[in-house]
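Participant: Take this structure, written in structure tokens, and hold onto it; I'll ask about it next.
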Amino acid sequence: MMKHSFLFVSMLLASTYTYAEDVPVTECQYAGPYMLERPVMIDSVNLQGKTFQDDEWLKAPINFSALKDAKTVMQGQLPACNQGTALHLLGFNIQNTSFTEAEIKVSGLHNYRLLVDGKECGGGKTTLQPATHEVVVKYLSQPGKNDTLDIKVKTERDGVVEVVPNDGQRRYTLLDVLLGRRYSGIEVSPDGHYAIVSYSQTREGGSTDYNSKLWDLQQQRIVNSNVNGHWMPKTNKYYSIRRDNQGHNTLYVIDPRMGEENIVAENLPDGSFTMSPNEDYLIINHREEGEKEKDSGVFEVVEPEDRQPGWRYRNQLLKYDIATGLCTPLSFGYHSVYLNDISADGRYLLISKSENRLTQRPTTVTSIFRLNLSTMHTDTLVVKDGFVGGALFSPDGTQVLISGSPEALGGVGNVVPEGRVPSMIDTQLFLLDIDGRLFKNVYVDTPVRPLQNKVTLMRKIRPLTRQFNPNVQRMTWSKADGMVYFNAEDKDCMHLFQLNPKDGKIRRIDTPEEMVMSFSVANSAPVMAFYGQGASNSDRLYTLSTKSLKSSLLEDLSAERLKGIELGECTAWNYLNNRGDTICCRFYLPPHFDTTKKYPMIVNYYGGCSPTSRNFENRYPQHAYAALGYVVLIVNPSGATGFGQEFSSRHVNTAGKGVAEDIIGATKQFCSEHAWVNKDKIGCIGASYGGFMTQYLQTQTDIFAAAISHAGISDHTSYWGEGYWGYSYSEVSMANSYPWTDKHLYVDQSPLFNADKIRTPLLFLHGTGDTNVPVGESIQMYTALKLLGRPTAMVLVEGQNHHILDYNKRIQWQNTIFAWFDRWLKDEPQWWNAMYSDKHL
């Protein structure tokens, strides 16, 4: 029995229901009898002046968990109890895919109380939001009186509610998306014997607990259910920081085998840190605050990003010597400096400096240096390159693995056609030779300018992923086997890869998961641990041998979270557009899908420029939509990463052109190939850039019967100047184009300037605290459609930013989406009207 109280609204309705169907409950779970004795009568009446009645036993709270393993009773005679007054429990589940008014009519019981989703339902009349609902009947029996089971669910429309058999499966709901356990991190010990696995668990009401468990990977079992720390890089112990009441930080090291702990360092400065490979020093990130304005109520904004909280803070590096306790600064200045990596021998640091230059794209640039800790001399590796990202030492310290966009390092990795600009978020890998040794098949010599009058060098760069389509995410260079391991967006999956830096060959590692979310590699053993999920399963945890590349399942949270749940099918489907490109799509079907029926369909597409991947849990959970009776079509149109540089570059300087054609074409083709789609009842939804696409699509086509834009851009010019990252994101999407240089891109391609073309019912959703895409983007488009007399609505979520994270607000936000689609795609306005009734203003 699953409790879904958040989806239930119980009320005593003043109006009279008109019911179209009686759904009989033919079996229930039964627990009891529980014999009752009258309480000691201290007084003859209670505080309200009433005498004790049998109803008092029904008012008392009771744990319904007894019904989970209870026996099944069929309609008709119930178990008798002749020893005295007894309490009994009956339980069953009902589920509905549409919002409905209902009455649960109980006959054959003399004294009972009815609860739906844990709330008392007086008179049996209730309003059910689409979900699975737990119904419990508490009743009293008296000796000599026979009770019978006769329960019916009366609904206003046929086929809306069904009773879930005791041995049956229920549908997936929003509560299943929000609640339960999931993984949040993983670290493998240096010898590969242990792993620290981090978990989060969200409970009904929104509270979330976090904890970490110590796994023995060899014995495949948990040996400690509550650990807090990170692995030392060399010894197989983990460390933890504890802060006392005086604000002093102490570093403890714990032996997982013996459970012993020792103090390694005391009075550590505040800040995150990295332990050196030899465990003899720490590199600490020290935050310094820049000059404040004298009057906090009236202040000067010195740069566009100065509007952002914390922008005036800078990061500098400190070195803490564990043996002596001496803490010394490693960097000084007003630009932030970050640690990228420490060489395996501990002699060198890879550090980077970031700085702004607003007059040229990209407006933020990074320089990378190798710092010799003994001499404090620096070698310049990369100078003021706005396209580089992370950097790692090779195990022998002679090479550096750099991540960056195709334009990084002089464009050595750029393979897009002439005249096109690559996507800045399509991440590539490059190998830099520190000592200038020649590579086989070297593509370019990259000159670097000196720092502090050092000699200028010509660095040898090898682009490793020029012809590799997946988009690199996280990388690590194994000290055990010298291989580079990384996960990458691979079409709509996130696969795991092994790269041999000697010959540049890349091999995909076969795993059971479509989405490898996180992984960790042992420093001195051929052991990896990872977790992932797929389009139809939640998190699962694995170990993997980096020798055989074979994985083994450790823990299956998906089985725990999806127990008793029935999902519809998810199937890959591709669309060949008129340019000859294969557009990667997939679709989800409702449970109990019937090819003879017509189904409404919802189309979803990317936000930003990342693909709409096969994550099981996301902001728009496809299986939850399908469970409500929708076909869900996912389209990954031109511009998405994970399909190669040429494909992702189509996001740049197009402002929806080409992308819209892919979405419209795929939708039409899908309908023509699948007769069970009701082509007159198709909706679309997207967020952020996907919200812009929702708006833009309505200016290009009339195939959609309803549309939803969450935090969408309506005017490229206002977003460019007002969003915290408006102008910097435009460096990605509108490279080298500005409102004053390209009116067509910024104005003509903005939905606001084409509002008169929109006739589709369009819902705008937005957090009032959105600093990425300001709420004005929805307000101005909503205003335009209102003035044009077009069907539209706007729902604002108070205090939420770009994502709706508050538990209760997330529920109402998601229900708003469901209700809007029900209104326009199912012709069922009841849910929407219950949430947002007509107001006579």
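Participant: Please work out which one of (1) touching a residue at least 40 places away in the same chain (Cβ under 8 Å); (2) in a strand (DSSP E or B); (3) open to solvent by less than 30 Å² (accessible area, probe 1.4 Å) is the condition Pro406 fails and give its number.
Facilitator: (2)
Participant: Scan (1) open to solvent by less than 20 Å² (accessible area, probe 1.4 Å); (2) in contact (Cβ under 8 Å) with a residue 24 or more places away in the chain; (3) within 23 Å of Trp831 (Cβ to Cβ) for the single condition Gly124 breaks and write down its number.
Facilitator: Gly124 satisfies every listed condition except (2).
Participant: When you go through (1) part of a loop (DSSP other than H, G, I, E, B); (2) open to solvent by 50 Å² or more (accessible area, probe 1.4 Å); (3) in contact with a Ser or Thr (Cβ under 9 Å, 6 or more places away or on another chain); (4) not aliphatic (A, V, I, L, M) one by one for Glu266, which number turns out not to apply?
Facilitator: (1)
Participant: Of all residues in the range 288-345, how many are farther than 30 Å from Pro277 by Cβ and not in a loop (DSSP other than H, G, I, E, B)?
Facilitator: 5
Participant: Identify the single condition in (1) aliphatic (A, V, I, L, M); (2) touching a helix residue (DSSP H, G or I) at 6+ places or on another chain (Cβ under 8 Å); (3) assigned to a loop (DSSP other than H, G, I, E, B); (4) free of Cβ contacts under 8 Å to residues at least 40 places away in the same chain that Val773 does not satisfy, given that it satisfies every other one.
Facilitator: (4)
Participant: What pairs can you find where one residue is in the range 278-306 and closer than 20 Å to Tyr334 by Cβ, the other is open to solvent by 70 Å² or more (accessible area, probe 1.4 Å) and of a type in the set (Asp, Glu), and their Cβ atoms are less than 7 Å apart, with a gap of 6+ or different chains?
Facilitator: Note: pairs meeting the criteria are Glu293/Glu300.
Participant: Restricting the search to the range 269-284, which residues are open to solvent by less than 10 Å² (accessible area, probe 1.4 Å) and assigned to a loop (DSSP other than H, G, I, E, B)?
Facilitator: Listed by number, the list holds a single entry, Ser276.
Participant: Only one residue in Leu763, Leu752 is free of Cβ contacts under 8 Å to residues at least 60 places away in the same chain, crowded, with 21+ Cβ neighbours inside 10 Å, touching a helix residue (DSSP H, G or I) at 6+ places or on another chain (Cβ under 7 Å) and not charged (D, E, K, R), so which one is that?
Facilitator: After applying the criteria, what remains is Leu763.
Participant: If you don't mind, another one. Which ones in the range 787-807 are among the hydrophobic types (A, V, I, L, M, F, W, C) and in a loop (DSSP other than H, G, I, E, B)?
Facilitator: Taking the range 787-807 and keeping what is among the hydrophobic types (A, V, I, L, M, F, W, C), we get 787-788, 793-797, 804-805.
Scanning the range 787-807 gives Leu788, Ile804, Leu805.
Participant: Here's a follow-up. State whether one or more residues within the range 180-187 are open to solvent by less than 60 Å² (accessible area, probe 1.4 Å), out of contact with any Pro (no Cβ under 9 Å at 6 or more places or on another chain), modelled with pLDDT under 95 and under 30 Å from Ile283 (Cβ atoms).
Facilitator: No: zero hits.
Rundown of residues vs (1) touching a residue at least 40 places away in the same chain (Cβ under 8 Å); (2) more than 25 Å from Thr641 (Cβ to Cβ); (3) aliphatic (A, V, I, L, M), yes/no style:
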| position | (1), (2), (3) |
| --- | --- |
| Tyr689 | yes, no, no |
| Gln698 | yes, yes, no |
| Ala706 | yes, yes, yes |
| Ser709 | yes, no, no |
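Participant: Tell me the residue from Gly168, Gly192 that is modelled with pLDDT of 95 or more and open to solvent by less than 40 Å² (accessible area, probe 1.4 Å), please.
Facilitator: Selected residue: Gly192, the only one of Gly168, Gly192 that is modelled with pLDDT of 95 or more and open to solvent by less than 40 Å² (accessible area, probe 1.4 Å).
Participant: Report yes if some residue within the range 553-563 is surrounded by fewer than 16 Cβ atoms within 10 Å (Cβ to Cβ), part of a loop (DSSP other than H, G, I, E, B) and charged (D, E, K, R); otherwise report no.
Facilitator: Just the residues of the range 553-563 that are surrounded by fewer than 16 Cβ atoms within 10 Å (Cβ to Cβ), to begin with: 553, 556, 559-560, 563.
Filter again for part of a loop (DSSP other than H, G, I, E, B), leaving 563.
Remaining after also requiring charged (D, E, K, R): 563.
Yes, the range 553-563 contains a residue that is surrounded by fewer than 16 Cβ atoms within 10 Å (Cβ to Cβ), part of a loop (DSSP other than H, G, I, E, B) and charged (D, E, K, R).
Participant: Okay, next question. Give the range 343-375 a look and list any residue that's open to solvent by 50 Å² or more (accessible area, probe 1.4 Å), under 17 Å from Ile283 (Cα atoms) and in contact (Cβ under 8 Å) with a residue 40 or more places away in the chain, or say none.
Facilitator: Selection gives Asp345, Arg347.
Participant: Quick one: is Tyr738 of a type outside the set (A, V, I, L, M, F, W, C), under 30 Å from Asp426 (Cα atoms) and open to solvent by 50 Å² or more (accessible area, probe 1.4 Å)?
Facilitator: yes
Participant: Going through the range 489-543 one residue at a time, which ones are of a type in the set (Lys, Arg) and in contact with a Leu (Cβ under 9 Å, 6 or more places away or on another chain)?
Facilitator: Residues satisfying the conditions are Lys505, Arg507, Arg508, Arg540.
Participant: Of all residues in the range 191-235, how many are small (Gly, Ala, Ser) and part of a loop (DSSP other than H, G, I, E, B)?
Facilitator: 5
Participant: Among what's in the range 777-786 and is hydroxyl-bearing (Ser, Thr, Tyr) and crowded, with 19+ Cβ neighbours inside 10 Å, pick the residue that is nearest to the chain's Cα centre (by Cα).
Facilitator: Initially, the range 777-786 is screened for residues hydroxyl-bearing (Ser, Thr, Tyr), giving 778, 782-783.
Those still in the list that are crowded, with 19+ Cβ neighbours inside 10 Å too: 778, 782.
Values: Ser778: 23, Tyr782: 28 Å.
Checking each candidate, the answer is Ser778.
Participant: So which residues in the range 408-427 are hydrophobic (A, V, I, L, M, F, W, C) and more than 14 Å from Asn469 (Cα to Cα)?
Facilitator: Passing the criteria: Ala408, Leu409, Val412, Val421, Met424.
Participant: Would you point out the residue of the range 787-828, among those that are of a type in the set (Phe, Trp, Tyr) and in contact with a strand residue (DSSP E or B) (Cβ under 9 Å, 6 or more places away or on another chain), that is most open to solvent (accessible area, probe 1.4 Å)?
Facilitator: Trp824
Participant: So, in the range 733-788, exactly how many residues are charged (D, E, K, R) and within 19 Å of Gly658 (Cβ to Cβ)?
Facilitator: Of the residues in the range 733-788, the ones charged (D, E, K, R) are 742-743, 748, 756-757, 759, 770, 777, 786.
From the residues that got through so far, the ones that are within 19 Å of Gly658 (Cβ to Cβ) too are 742, 748, 757.
The qualifying residues number 3.
Participant: Additional query: Condition first: surrounded by 15 or more Cβ atoms within 10 Å (Cβ to Cβ) and more than 29 Å from the chain's Cα centre (by Cα). Now tell me which residues in the range 208-237 satisfy that.
Facilitator: Met232, Pro233, Lys234, Asn236, Lys237
Participant: Considering only residues that are crowded, with 21+ Cβ neighbours inside 10 Å, part of a helix (DSSP H, G or I) and either of a type in the set (Asp, Glu) or touching a helix residue (DSSP H, G or I) at 6+ places or on another chain (Cβ under 6 Å) (or both), which ones fall in the range 682-724?
Facilitator: Scanning the range 682-724 gives Gln695, Tyr696, Leu697, His716, Tyr719.
Participant: Ok, one more. Looking at the range 131-150 only, could you name the residues that are at pLDDT 85 or above and either open to solvent by 10 Å² or more (accessible area, probe 1.4 Å) or among the charged types (D, E, K, R) (or both)? Even if it seems obvious, please write down each step before you answer.
Facilitator: Start the filter on the range 131-150 by keeping residues that are at pLDDT 85 or above, which leaves 131-143, 147-150.
Across the range 131-150, the qualifying residues are Glu134, Lys138, Gln142, Pro143, Asp147, Thr148, Asp150.
Participant: Being under 26 Å from Thr694 (Cβ atoms), at pLDDT 95 or above and basic (Lys, Arg) is the filter here; which residues of the range 558-604 pass it?
Facilitator: Arg586, Lys598
Participant: Select from the range 36-73 the residues that are among the acidic types (Asp, Glu) and open to solvent by 100 Å² or more (accessible area, probe 1.4 Å) and write down the one among them that is nearest to Leu87 (Cα to Cα).
Facilitator: Looking at the filtered set, the residue picked out is Glu37.
The values are calculated or read from the model by the stated rules, or taken from the named source; none is laboratory data. The structure displayed is predicted, hence computed values, not measured ones. Cβ coordinates were reconstructed from backbone atoms using ideal geometry, including for glycine residues, and neighbour counts include every protein chain displayed. For the accessible areas, the whole protein counts, side chains as well, though only heavy atoms, and no ligand, DNA or RNA atoms are used. Shrake-Rupley method; radii C 1.70, N 1.55, O 1.52, S 1.80 Å.
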